[in-house]
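Participant: I have a structure here, written as structure tokens, and I will follow up with some questions on it.
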Amino acid sequence: MKAFITHQGLVAPMDRANVDTDLMIPKQFLKSIKRSGFGPNLFDELRYLDEGIPNADNSQRPLNPDFPLNMPRYQGASILLARENFGCGSSREHAAWAMDDFGFRAVIAPSFADIFRSNALKNGILPVTLSSEQVDELFEALYAEAGYSLTVDLQACTVSLPNDEAWSFEVDPFRRNCLLKGLDDIGITLERADAIKAFEVQHRNRFPWVFEDIAL
Amino acid sequence: MAKTLYDKLWDAHLVEQREDGTALIYIDRHLLHEVTSPQAFEGLAIAERGLWRRNANLAVPDHNVSTLKKEREAGLAALPDVVSRVQLQTLDDNCEAFDVVEIPLNDVRQGIVHVMGPEQGAVLPGMTVVCGDSHTSTHGAAGALAHGIGTSEVEHVLATQCLIQKKMRNFRVEVTGKLGAGVTAKDIALAIIGQIGTAGGTGFAIEFCGTAIRSLSMEGRMTLCNMAIEAGARCGLVAVDDVTLDYFRGKPMAPDGASWDAAEAWWRTLHSDDGAAFDRSIVIDGSAIEPHVTWGTSPEMVASVYGRVPTMADMPDETARIGLSRALEYMGLTEGMAISDIKPDAIFIGSCTNSRIEDLRAAAAVLKGRQVAPTIRKALVVPGSGLVKAQAEAEGLDRIFIDAGMEWREPGCSMCLAMNADRLLPGERCASTSNRNFEGRQGSGGRTHLVSPAMAAAAAVTGRFAAVSEATQDLGAGA
Ligand code: SF4
């Protein structure tokens, strides 16, 4: 996983509550067996005027000019500003892969759905929770000023505004450490292989039926 | 100390608690399907890692399979959609390469992963169960700790048999009283989500309890726990009782003899202790719940079938007004209109929420001797598994559906998420027994109204949303 220490980037708005992962990456793209290449189809139904088909040449498709990510002022955005319950719905990690592939490194919202938050963190994307009031303020500033950017500092756990104000946010210490160092979960867990094995022995004694062969 | 059911399941699977608040939790059963597993297997192969415990894993293709008999019989190689074919083939190949047990496409046991799991006894009370699918919450109906995971976690479980988790908080939802006629587990689920909202359960494990829950069959409890994720909770739970034990006794992968007795002794303890502390509790009067229909693009946008779509004046703030107007525009509805004036073009009876035998029986009871209204352009019944299909055929339910003018399909996820050819056209309106009414979920531009199977059947007969009693009054209620 790529490390996240601090990131300064252009902000783009996703100004609606309950953005679900179906909206982030529609189901037809889930047929891919790869982890990459989802970026051009992030928010497909909002971004394009025609229907998205897997493996189509997206550069030839008609863009929806009203969708922020298509507007010149938000080109190159790497921080998404969103509303409540961002990432609800399906567990598809493709949503996080699409965000990553598009170039987003952080999402700022008043709240996130649990599974998306966890998927994002595992892909080097930082979900930043700020209060509704703070998010309102950021939306206002973002709409008022082209080229609006923010700095998200995971070391300090702060979001720095262009006016030098810094707002702090909270993040799970385990996840913070993984992100700062770019650590892979599986490697960390396998360091505890002995503990897992010891647990498994007593678990098997207690619940032997769980370990029965499941041959069909 | 008095413990909740969730606390007990958590404690029994805790490998180690870390100082940073995370824990390693041991996973008993891991279910896999074709959509969220390929990248996980690829990750293992790249890192040259093997499976921690091969026997913990069970795979089945479901999301992307064709539900047409002809296409199924022709086998995978003949599937016209190449991209789908590659994904399905990749599951077969990965299961072979990693020696994972897989129920293949045309096996009678194949079905939607959340229907197949309990049906085979692959999921049992007291287990920790995960799957790369958010509706894994379904299995909490068995008194199992079950939740959906992302693909990185699928890989993590394959390689370590553990998950890195933070303990959730306990949320108790008590549904009291006796349900009215024609009111089902689906209506309870929609009523709860309507009340607490789609983020109401975020960060919680929800335990459903109370007399109305006790009276539900295992199928009903699965429907309810299935929708826990639509309330934001990664897992739903129902305590073990005789209904649970009767359901699992004799299932192919369930223990038997002395092993069953030992299991039963543990399973009998799987309930919240008297006086256990919950972080949040609500009580809902089950006798007051009416049949529900969602009118918007989120499961919390729901009303009684006797009710109306809300108006701008009902909305508490500007964000809510924007949300309402966006939903109404997408759904092609006007504020304040009667739910019973909404006319679907399509009917979908299926999905891991409502495709079990009890669901098909409920729909067939309404459709028996009746016809699908001429305004309905497509009507699918998609059983949840090959075994559900066979049971329904043995009971003659397939004839009832076919005679009424519906299509009787092969098992799979089908129009629940429209990854295969079963989908709505732009603007098409569907009465659906699935669990998500998000924009485009059932096909780009499609409009979904979530209902119970009986309500979907009633909508099929009347051509609009109507109470079951209204749909069946021609031949006498419940005929
Ligand atoms: S039926 Fe629908 S909700 Fe259930 S597993 Fe399949 S796609 Fe997911």
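Participant: For segment B:44-61, what are the residues that are among the hydrophobic types (A, V, I, L, M, F, W, C), out of contact with any strand residue (DSSP E or B) (no Cβ under 6 Å at 6 or more places or on another chain) and facing another protein chain (nearest Cβ under 8 Å)?
Facilitator: B:A47, B:W52
Participant: May I pose another question? Suppose we filter segment A:182-216 for residues that are more than 7 Å from every other protein chain (Cβ to nearest Cβ), of a type in the set (D, E) and open to solvent by 90 Å² or more (accessible area, probe 1.4 Å); how many remain?
Facilitator: Count: 2.
Participant: Only one of these is more than 16 Å from the ligand (Cβ to nearest atom), open to solvent by 20 Å² or more (accessible area, probe 1.4 Å) and touching a Gly at 6+ places or on another chain (Cβ under 6 Å): B:V468, B:V461. Name it.
Facilitator: B:V468
Participant: Can you say whether B:N106 is open to solvent by 10 Å² or more (accessible area, probe 1.4 Å), away from the ligand (no atom under 16 Å from the Cβ) and either modelled with pLDDT under 95 or basic (K, R) (or both), as far as the supplied structure shows?
Facilitator: yes
Participant: If A:D50 passes every condition in (1) over 30 Å from A:I188 (Cβ atoms); (2) open to solvent by less than 30 Å² (accessible area, probe 1.4 Å); (3) modelled with pLDDT under 95 but one, which one does it miss?
Facilitator: (2)
Participant: Being open to solvent by 10 Å² or more (accessible area, probe 1.4 Å), within 14 Å of the ligand (Cβ to nearest atom) and within 20 Å of B:N226 (Cα to Cα), is that true of even one residue in segment B:428-436?
Facilitator: no
Participant: Checking the conditions here, which among A:N64, A:N70, A:N41 is crowded, with 21+ Cβ neighbours inside 10 Å, more than 11 Å from chain B (Cβ to nearest Cβ) and at pLDDT 95 or above?
Facilitator: On inspection, the qualifying residue turns out to be A:N41.
Participant: Okay, next question. With a cut-off of at least 1 residues that are under 27 Å from B:Q110 (Cβ atoms) and touching a residue at least 12 places away in the same chain (Cβ under 8 Å), name the helices (runs of 4 or more DSSP H) lying wholly within segment B:362-479.
Facilitator: B:386-394, B:397-404, B:453-462
Participant: State all residues of segment B:361-391 that are basic (K, R) and surrounded by fewer than 24 Cβ atoms within 10 Å (Cβ to Cβ); if no residue qualifies, say none.
Facilitator: Scanning segment B:361-391 gives B:R361, B:K368, B:R370, B:R377, B:K378.
Participant: Among strands (runs of 3 or more DSSP E) lying entirely in segment B:126-192, which contain 2 or more residues that are open to solvent by less than 10 Å² (accessible area, probe 1.4 Å), more than 16 Å from the ligand (Cβ to nearest atom) and within 13 Å of chain A (Cβ to nearest Cβ)?
Facilitator: B:162-166
Participant: Further, regarding this structure: Please go through segment B:195-209 and give me each residue that is away from every other protein chain (no Cβ under 14 Å), crowded, with 18+ Cβ neighbours inside 10 Å and farther than 30 Å from A:D185 by Cα, ordered by number.
Facilitator: B:F208, B:C209
Participant: Could you list, ordered by first residue, the pairs with Cβ atoms under 8 Å in which the first is in segment B:21-37 and of a type in the set (S, T, Y) and modelled with pLDDT of 95 or more and the second is away from the ligand (no atom under 16 Å from the Cβ) and in a loop (DSSP other than H, G, I, E, B), at least 6 apart or interchain?
Facilitator: B:Y26/B:H13; B:Y26/B:Q161
Participant: For residues that are hydrophobic (A, V, I, L, M, F, W, C), more than 9 Å from every other protein chain (Cβ to nearest Cβ) and either under 25 Å from B:S272 (Cα atoms) or assigned to a loop (DSSP other than H, G, I, E, B) (or both), tally how many sit in segment B:1-32.
Facilitator: Of the residues in segment B:1-32, 8 are hydrophobic (A, V, I, L, M, F, W, C), more than 9 Å from every other protein chain (Cβ to nearest Cβ) and either under 25 Å from B:S272 (Cα atoms) or assigned to a loop (DSSP other than H, G, I, E, B) (or both).
Participant: Which is within 16 Å of the ligand (Cβ to nearest atom) and away from every other protein chain (no Cβ under 14 Å), of B:G396, B:G405, B:G384, B:G443?
Facilitator: None of the other options fit; the residue is B:G384.
Participant: Working only within segment B:275-297, note down all residues that are under 12 Å from B:K186 (Cα atoms), assigned to a loop (DSSP other than H, G, I, E, B) and open to solvent by less than 70 Å² (accessible area, probe 1.4 Å).
Facilitator: Result: B:I289, B:P291.
Participant: Within segment B:65-91, count every residue that is within 12 Å of chain A (Cβ to nearest Cβ), touching a residue at least 12 places away in the same chain (Cβ under 8 Å) and in a helix (DSSP H, G or I).
Facilitator: The qualifying residues number 6.
Participant: Of the numbered conditions (1) touching an Asp or Glu at 6+ places or on another chain (Cβ under 9 Å); (2) surrounded by fewer than 24 Cβ atoms within 10 Å (Cβ to Cβ), B:D242 satisfies every one except a single condition; which is it?
Facilitator: Against the list (1) touching an Asp or Glu at 6+ places or on another chain (Cβ under 9 Å); (2) surrounded by fewer than 24 Cβ atoms within 10 Å (Cβ to Cβ), B:D242 comes up short only on (1).
Participant: Then there is this: How many residues are more than 8 Å from every other protein chain (Cβ to nearest Cβ) and within 16 Å of the ligand (Cβ to nearest atom) when one looks only at segment B:33-43?
Facilitator: 3
Participant: What do you reckon, is A:L179 more than 9 Å from chain B (Cβ to nearest Cβ) and either under 16 Å from B:I164 (Cβ atoms) or touching a Gly at 6+ places or on another chain (Cβ under 9 Å) (or both)?
Facilitator: yes
Participant: Of all residues in segment B:109-125 being facing chain A (nearest Cβ under 9 Å) and open to solvent by less than 10 Å² (accessible area, probe 1.4 Å), which is farthest from the ligand (Cβ to nearest atom)?
Facilitator: B:L124
Participant: Residue by residue through segment A:113-143, note down the ones that are in contact (Cβ under 8 Å) with a residue 24 or more places away in the chain and facing chain B (nearest Cβ under 8 Å).
Facilitator: A:A113, A:I115, A:N119, A:K122, A:N123
Participant: Please count how many residues of segment A:157-176 are among the charged types (D, E, K, R) and within 14 Å of chain B (Cβ to nearest Cβ).
Facilitator: Counting residues in segment A:157-176 that are among the charged types (D, E, K, R) and within 14 Å of chain B (Cβ to nearest Cβ) gives 4.
Participant: Further question on the same structure: Restrict the check to segment A:124-141 and report whether at least one residue is touching a Gly at 6+ places or on another chain (Cβ under 7 Å) and open to solvent by 20 Å² or more (accessible area, probe 1.4 Å).
Facilitator: The answer is no; no qualifying residue exists.
Participant: Would you pick out the residues in segment B:44-67 that are within 28 Å of B:C416 (Cα to Cα) and either away from the ligand (no atom under 16 Å from the Cβ) or polar (S, T, N, Q) (or both)?
Facilitator: Residues satisfying the conditions are B:A56, B:N57, B:N64, B:S66, B:T67.
Participant: Here is a further query. Read through the list (1) within 21 Å of the chain's Cα centre (by Cα); (2) within 16 Å of the ligand (Cβ to nearest atom), then give the number of the only condition that B:D28 fails.
Facilitator: Going through the list (1) within 21 Å of the chain's Cα centre (by Cα); (2) within 16 Å of the ligand (Cβ to nearest atom), B:D28 breaks only (2).
Participant: Also, I was wondering about something else. What about B:E230, is it at the interface with another protein chain (Cβ under 10 Å from one of its Cβ atoms) and open to solvent by less than 10 Å² (accessible area, probe 1.4 Å)?
Facilitator: yes
Participant: Here is a follow-up. How many residues are open to solvent by 30 Å² or more (accessible area, probe 1.4 Å) and either under 16 Å from B:S152 (Cα atoms) or of a type in the set (D, E, K, R) (or both) when one looks only at segment B:14-38?
Facilitator: Summing the residues that are open to solvent by 30 Å² or more (accessible area, probe 1.4 Å) and either under 16 Å from B:S152 (Cα atoms) or of a type in the set (D, E, K, R) (or both) in segment B:14-38 gives 4.
Participant: Exactly one of these conditions fails for B:L417: (1) at pLDDT 95 or above; (2) within 11 Å of the ligand (Cβ to nearest atom); (3) not β-branched (V, I, T). Give me its number.
Facilitator: (1)
The values are calculated or read from the model by the stated rules, or taken from the named source; none is laboratory data. Being a predicted model, the structure only gives us computed values, none of them experimental. All Cβ positions, even for glycine, are placed from backbone atoms using ideal geometry, and neighbour counts span all protein chains on display. Please note that ligands, DNA and RNA were not included when accessible areas were found on the heavy atoms of the full protein model with its side chains. Shrake-Rupley method; radii C 1.70, N 1.55, O 1.52, S 1.80 Å.
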